[in-house]
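The values are calculated or read from the model by the stated rules, or taken from the named source; none is laboratory data. The structure presented is a predicted model; accordingly, all values stated were derived computationally and were not measured. FYI the Cβ positions are ideal-geometry reconstructions off the backbone, even for glycines, and counts take in every protein chain you see. Quick note on the areas: whole protein, heavy atoms, side chains included, nothing else; ligands and nucleic acids left out. Shrake-Rupley method; radii C 1.70, N 1.55, O 1.52, S 1.80 Å.
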Amino acid sequence: MGTLLGNVTNYYYYVNNELADARTNKFLLVSTPLPILVIMFLYHRFVNSWGPAFMANRPPYQLKNVIIIYNIVQIVLSGFLAIQCLTWLYLPGYYNIWCQKINYDDTPIERLIIDRVWLYYFIKIVDLLDTVFFILRKKFSQVSFLHVYHHLGMCLLGFIGTKYVPGGHGIMLGFINSLVHAFMYSYYLISIVRPQWVKQWWKKYITQLQILQFLLLILHFGHILFEPSCGYPLWVSFLFLPHNIFILYLFTDFYIKAYIQKKKKEH
């Protein structure tokens, strides 16, 4: 029993410390998987059980001002990350779009990159508030399997990316996702502040933008499987590709049911 426990302890130390990137392994919510696993567990229990039970005999909370502030913060942070990726990395040619290994040199820009990778991961945790607001406003129909799975998956992948591969080829995921989120939260902000401005087709195109996002990410991470000379860890593709393919399937299924089949029924 002691030998088994020792082997488990040694393996955990190896995975949690020796395989991790030393530059980010001491960052908040990164040094051990326990905090993010607890957050994910509490989120899952709240949105699927505790939250609906708490709201069962209560009227919906009026959270308009809170959600306005939340959307503005999301737009600013997502736009900030997208613009910095573009102006620091891709437009100057510091990063290659299709084939970029991780740079471990201790330079000012690399220190900024790992800081921004952590910030992106932290934003994915903040994103969980989307569902909390749905529950507190009793919009239970919005809390779909797609919605919950996507948020949980992004938290876990954000942790793995920050802890083990903070930089390189994977930065494109953060860039594309931040750009999409800047548009998405702008739509949410307008819909709550000026709902009369919102056109019915806006939501449809937001969904199309999300589908395009996952198509691009599948191409991006699939590409390095055929270009091992890129020097980016192939295990990342084997981890990220199934998630992105499944999410693409879920979003496409939602789009077909919400916009194509529904339109046919109306006619």
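For this structure, a couple of remarks:
- Here G153 meets the list (1) open to solvent by 20 Å² or more (accessible area, probe 1.4 Å); (2) within 17 Å of the chain's Cα centre (by Cα); (3) of a type in the set (G, A, S) almost entirely, failing just condition (1).
- Of L77, L29, all but one fail to be of a type outside the set (S, T, Y) and at positive phi; the exception is L29.
- Total residues in segment 90-128, condition among the aliphatic types (A, V, I, L, M) and within 12 Å of the chain's Cα centre (by Cα): 6
- Filter result for V30 (under 25 Å from L156 (Cα atoms), loosely packed, with under 12 Cβ neighbours inside 10 Å and not polar (S, T, N, Q)): no
- Hits in segment 233-266 - residues which are over 18 Å from N177 (Cβ atoms) and either among the β-branched types (V, I, T) or not in a helix (DSSP H, G or I) (or both): P233, I256, I260
- Among residues of segment 147-194, those that are closer than 17 Å to V76 by Cα and among the polar types (S, T, N, Q), counted: 3
- Restricting the first member to segment 55-74 and to residues that are closer than 15 Å to T131 by Cα, and the second to residues that are in a loop (DSSP other than H, G, I, E, B) and open to solvent by less than 60 Å² (accessible area, probe 1.4 Å), the beta-carbon pairs closer than 9 Å and six or more apart or on different chains are Y70/L63; Q74/D127.
- Test: residue in segment 163-178 that is out of contact with any Gly (no Cβ under 9 Å at 6 or more places or on another chain), touching a residue at least 12 places away in the same chain (Cβ under 8 Å) and under 20 Å from F41 (Cβ atoms): yes
- Filter result (crowded, with 22+ Cβ neighbours inside 10 Å and either more than 19 Å from Q84 (Cβ to Cβ) or of a type in the set (S, T, N, Q) (or both)) within segment 160-176: T162, K163
- Residues in segment 211-231 that are open to solvent by 30 Å² or more (accessible area, probe 1.4 Å), of a type outside the set (G, A, S) and in contact (Cβ under 8 Å) with a residue 12 or more places away in the chain: L215, L216, I218, H223, L225, E227.
- Looking only at segment 13-27, and only at residues there that are of a type in the set (A, V, I, L, M) and open to solvent by 80 Å² or more (accessible area, probe 1.4 Å), the one that is nearest to H147 (Cα to Cα): L19
- On inspection, A20 does not qualify as more than 23 Å from Y188 (Cα to Cα) and in a helix (DSSP H, G or I).
- Of the helices (runs of 4 or more DSSP H) lying entirely inside segment 44-133, none contains at least 3 residues that are surrounded by fewer than 12 Cβ atoms within 10 Å (Cβ to Cβ), touching a helix residue (DSSP H, G or I) at 6+ places or on another chain (Cβ under 8 Å) and of a type outside the set (V, I, T).
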